[in-house]
Amino acid sequence: MNAEVSAATPNNPWKGLHFYTEADRSLFFGRDQETEEFLRLVRRDTLSILFARSGMGKTSFLRAAVIPCLREENLLPVIVRIDYAGSATAPARQIIEATLANARRAGIDMDCENETDPQSLVTSEQITLWEYFHLIRFWGPRNDPVLPVLILDQFEELFTLGRHSPHAEQFITQLADLAENRMPETVQRRIEVSGERLGFDTRARCGKIILSLREDFVPRLDALRQTLPAVMRNRFVLSPLDRDRAIDIVQRAGGRRVSDSVAAKIVTVVAGETVGKGSLSEIEPAYLSVMCHELFRRMLRLGRNEIGLDLVSAEHGDILDGLYERSFEGLASKTRIFVEERLLTDTGFRGSVPVAEAEREEIPRRALESLVDRRLLRFEDRLGTTHVELSHDLLTIIVQKSRDRRRAEAEREAERQREAQLQARLRRERRRTLAWAGLALLLLVGIGFYAYGWWIPYQTYCRAFTKRWSTPRCVGPLPKMAVAHRAWTIRLSQQGRFGPLLSMEIIDANQQLTGQHSIGSYFNPEAESGQREKEASYEFVYNRKGKVVYEVARDRFGRMVWGFAYTPDVASVGNRPQTRKAMFLGSDGYPQPQSHSRAEFVEIYYDPQGFEIELRYADREGRPAPGPDNAYGRRIKYDSAGRLIRITSLNEHSEPINDAAGNAG
């Protein structure tokens, strides 16, 4: 069933490719004569056939012109579009359910000749259309009898979408029995077996039927004449509009927005667009509606109050092609592929897909709604399930042409890819002869790079250093030639360019180890001097995780001066320590108390980058103890390059003090 939702708006009197509904009756012009002639046929016989070429507006004619008149004649129009999907119920059941729904909406009461509940007949598997419409009586608001009129729109789908349906043959038989008022064979057999008597007049007129289909399917309809002889009489063809009537339609719908000259120009343009389908004096309503809708849309976009000749000239040419291309602006390409592959059959007929199924195929509902708003698609409610389909048969040619182009381009692209793959395979074959040589060269380069990066000693000369995770890092690198012009220089030796630091040496201008420098340690402050040979080199030992666990300071003769043994991590951030403790070792390598301090341990605090930001001294019991210069700790600050810029001495409460060396808190 088609949802009775008008797509026209108060601002736009034309609906493009969307059909007109009962709600649009005041906007539907130009078919008064055809309406009266067709109604005479409907009144005359049980079955009426309406056919026309695609684009003549059959659905709009039925909904906006015929159905309102049928209601005025105390008839109950029931417009149905049969769903032939495999999951759909039998067509007869769809018609019965649609009749009940339309009767409820129209305020029609129903009862049954044998006092059965009409609703219960819907679920009966044995009830036929002939029985149902003989059993059910319909009553209007004034308690007068109402005759149902079944309108089967898009009936040609029986020969396209329904040709493989398991219900098709049974549906034709039931429809023929109803139209010919012929007792179905199934009912006859049932009566013969059970001996029951039918509780209704089998000769009574129980309703009317209208079949609406495209003109090119009329020969298929003729083939049903043995089963349904009535299809050969009472036919009506909906013809194209002539020029004068088309101009009148544009003027009446457009009102003050369309002048006489503009209306004539619009009709001339539309006649030129459809010249391949008929003579210049024949106007197809669908093309006319699309043209006027697009002109009105452009008028609103430009902020105008009327349609001018310039707009008509701009819109001239390939109306439907332009509409189709503009409809996909701003939408994903998969939406267009869905429309072309799922809403058009391989043989070029319209198909429909439940919206829920489209969403499962990752087509957003908002994309479908956008295409409905742009008049390319329409939603249709079929027994409670919303389907989406092309808005008009006229679009099938456009969609098929676009699909063929896309498929052809995809095939060309696939051919290009196959050619590219062949060329690539040939290139691989040519390169294969060079592969082993290149691999060998790469291996040599890799070995060399590894040796350079992690094996061959690498030395760096620096002005100063800082520590990160207790390992010295160069600050202010120097060229080797600068060593000769400095009193002392720091030389860092690594195991390869990227390997761990092995040692740090203090050298003089002759590149000899020297103790004449100002570098101190945690327990050996700069102020301490003259008591022993000062350290000139520092060596580092790492654990398997690459962390310093042992540090040895030696004098220029290679003798051990002092050492540090680092404890495992106390707290960590990721794999990096946040705090660690270090124990002072004497020149013999064993723990040794300081002669000038009770402190034997130093607790080191690191920032997230590994810089030492605070030191705290403790005795062997872990209690705070004064370290060098009688300070209980130090707080250290660096610049962005890691250079030391400030040291603050701390007391046992971590408060700044002035230490014995004069460092200010």
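The values are calculated or read from the model by the stated rules, or taken from the named source; none is laboratory data. Keep in mind that what you see is a predicted model, and the values were worked out from it rather than measured. Neighbour counts run over all protein chains shown; Cβ positions are idealised from the backbone, glycine included. For accessibility, only protein heavy atoms count, side chains too; no ligands or nucleic acids. Shrake-Rupley method; radii C 1.70, N 1.55, O 1.52, S 1.80 Å.
For Arg412, Arg137, give the ranking by accessible area with the largest first, probe 1.4 Å. If you can, show how the numbers build up before the last one.
Details: Arg412 120, Arg137 85 Å².
Solvent-accessible surface, decreasing: Arg412, Arg137.
So who's got an amide H within less than 5 Å of the one on Ile209, skipping anything under 5 residues away but keeping other chains? H placed 1.01 Å off N, in plane.
Answer set, sorted by chain and number: Leu47, Ser48, Leu150.
Can you work out ³J(HN,Hα) from phi for every residue in region 396-409, in order, using Karplus 6.51 cos²θ - 1.76 cosθ + 1.60 and θ = phi - 60°, giving whole Hz and x for Gly and Pro?
Whole-Hz 3J(HN,Hα) from phi for region 396-409: 4, 5, 5, 5, 5, 5, 5, 5, 4, 4, 5, 5, 5, 5.
In Å, what Kirkwood hydrodynamic radius results for region 403-554 from the alpha-carbon pair distances?
20.3
For Lys467, which sequence-distant residues (separation of 5 or more, or a different chain) have an amide H within less than 5 Å of its own amide H, given hydrogens modelled in the peptide plane?
Amide H neighbours of Lys467: Arg473, Glu612.
Taking R0 as 41 Å, what FRET efficiency do you get between Arg225 and Arg137 from their Cβ-Cβ distance, rounded to the nearest 0.05?
Plugging the Cβ-Cβ distance into 1/(1 + (r/R0)^6) gives 0.85.
Based on the alpha-carbon gyration tensor of region 55-100 and its eigenvalue square roots a ≥ b ≥ c, which shape applies: rounded if a/c is under 1.5, prolate if not and a/b is larger than b/c, or oblate?
Because a/c hits 1.5 or more and a/b fails to exceed b/c, region 55-100 counts as oblate.
Taking Cα centroids, how far is region 55-77 from region 152-191 in Å?
Centre-to-centre distance over Cα atoms comes out at 24 Å.
How big is the convex hull of the Cα atoms of region 13-102, per residue, in Å³?
Taking only Cα atoms, region 13-102 has a hull volume of 134 Å³ per residue.
Two decimals is fine: what's Rg over Rh for region 357-449, C-alpha atoms, Kirkwood radius as Rh?
With Rh from the inverse mean 1/r over Cα pairs, Rg/Rh is 1.41.
Per residue and in cubic angstrom, what volume does the convex hull of the Cα atoms of region 426-513 have?
Considering the Cα atoms of region 426-513, their hull volume per residue is 138 Å³.
Among Ala176, Phe51, Phe236, which residue has its Cα furthest toward the positive end of the charge dipole of the chain, with +1 on Lys/Arg Cβ and -1 on Asp/Glu Cβ?
Towards the positive end, the residue furthest out is Phe51.
Ranked highest first by average number of other Cβ atoms within 10 Å, how do 103-111, 84-92, 128-136 line up?
Ranked from most to least packed, the peptides come out as 128-136, 84-92, 103-111.
How many lysine pairs in the chain, separated by 8 or more positions in sequence or lying on different chains, have Cα atoms less than 18 Å apart?
10
Seen from all sides and averaged, what is the projected area of the convex hull of the Cα atoms in the chain, in nm²? Before the final figure, lay out each step's value.
Values: hull surface 226.8 nm².
If you wrap the Cα atoms of the chain in a convex hull and average its projections, you get 56.7 nm².
Between Ser654 and Tyr550, what's the calculated FRET efficiency when r is the beta-carbon distance and R0 is 22 Å? Round to 0.05. Don't jump to the answer; show the numbers that get you there.
Values: r = 29 Å, r/R0 = 1.30.
So, using R0 = 22 Å, E works out to roughly 0.15.
With +1 on the Cβ of every Lys and Arg and -1 on the Cβ of every Asp and Glu, and nothing else charged, how large is the dipole of the chain about its Cα centre, in debye rounded to the nearest 20? Walk me through the numbers on the way to the answer.
Values: 94 positive and 91 negative charges, 586 e Å.
Around 2820 debye, computed over the chain.
May I ask for the net charge around Ala356, where only other residues with Cβ less than 15 Å from the Cβ of Ala356 are counted and Lys, Arg are +1 while Asp, Glu are -1?
Residues near Ala356 contribute -4 overall.
Hey, what do the phi angles of region 194-207 turn into as Karplus ³J(HN,Hα) couplings, whole Hz, using 6.51/-1.76/1.60 and θ = phi - 60°, x for Gly and Pro?
My calculation for region 194-207 gives 8, x, 5, 10, 6, x, 8, 7, 5, 8, 5, 6, 10, x Hz in order.
Considering Cα pairs under 8 angstrom that are at least six residues apart, work out the relative contact order of the chain and quote it in whole percent.
So the answer I get is 9 percent.
Please work through the chain and write down the cysteines that have no neighbouring cysteine Cβ at a distance under 4.7 Å.
Taking the Cβ cut-off of 4.7 Å, the unpaired cysteines of the chain are Cys69, Cys112, Cys206, Cys292.
Under a plain spin-label model, where a point goes 7 Å from the Cα along Cα-to-Cβ, how far apart in nm are Gln609 and Ala314?
Result for the modelled spin labels: 6.1 nm.
Contour minus end-to-end for Ser587 and Asp381, with contour as 0.36 nm per residue of separation and end-to-end as the Cα-Cα distance?
Result: 64.7 nm gained on full extension.
For region 61-198, place one equal point scatterer on every Cα, skip the solvent, and apply the Debye formula. What is log10 of I(q)/I(0) at q = 0.17 Å⁻¹?
Log-scaled intensity ratios, in q order: -1.03.
If you plug each phi of region 159-174 into the Karplus form 6.51 cos²θ - 1.76 cosθ + 1.60 with θ = phi - 60°, what whole-Hz ³J(HN,Hα) values come out, in order, with x for Gly and Pro?
Per-residue couplings from phi come out as 8, 10, 5, x, 5, 9, 6, x, 9, 4, 5, 5, 5, 4, 4, 5 Hz.
I need the calculated FRET efficiency for the pair Glu180 and Ala414, taking r as the beta carbon distance and R₀ as 60 Å, to the nearest 0.05.
In this case the efficiency is close to 0.65.
At 0.36 nm per residue, and after removing the present C-alpha to C-alpha distance, how many nm does the segment from Arg497 to Arg405 gain when stretched out fully?
27.1 nm
Only helical DSSP H runs with n ≥ 4 go in: add -39500 (n - 2.57) per run for the chain, normalise by residue count and round the 222 nm mean residue ellipticity to 500 deg cm²/dmol.
-10500 deg cm²/dmol
Carbon and sulfur atoms: what percent of the 1.4 Å accessible area of the chain do they account for? Don't skip to the answer; put the middle values down first.
Values: 16960 of 33290 Å².
C and S atoms contribute 51 percent here.
What number comes out for accessible area per residue over the chain if the probe is 1.4 Å? Units Å², please.
Roughly 50 Å² per residue, with all protein chains present.
Amide H to amide H, which residues 5 or more places from Val353 or on other chains are under 5 Å from it, using H placed in the peptide plane?
Here Val388 satisfy the definition.
Classify region 133-230: rounded, prolate or oblate, from the alpha-carbon gyration tensor (a ≥ b ≥ c, eigenvalue square roots; a/c under 1.5 rounded; otherwise prolate if a/b is larger than b/c)? Provide the component values of the computation, followed by the final result.
Details: a/c = 2.44, a/b = 1.34, b/c = 1.82.
Verdict is oblate for region 133-230.
For Arg252 and Lys637 in the same chain, what is the full-extension length gain: residue separation times 0.36 nm, less their Cα-Cα distance, in nm?
So the chain would gain 129.9 nm between Arg252 and Lys637.
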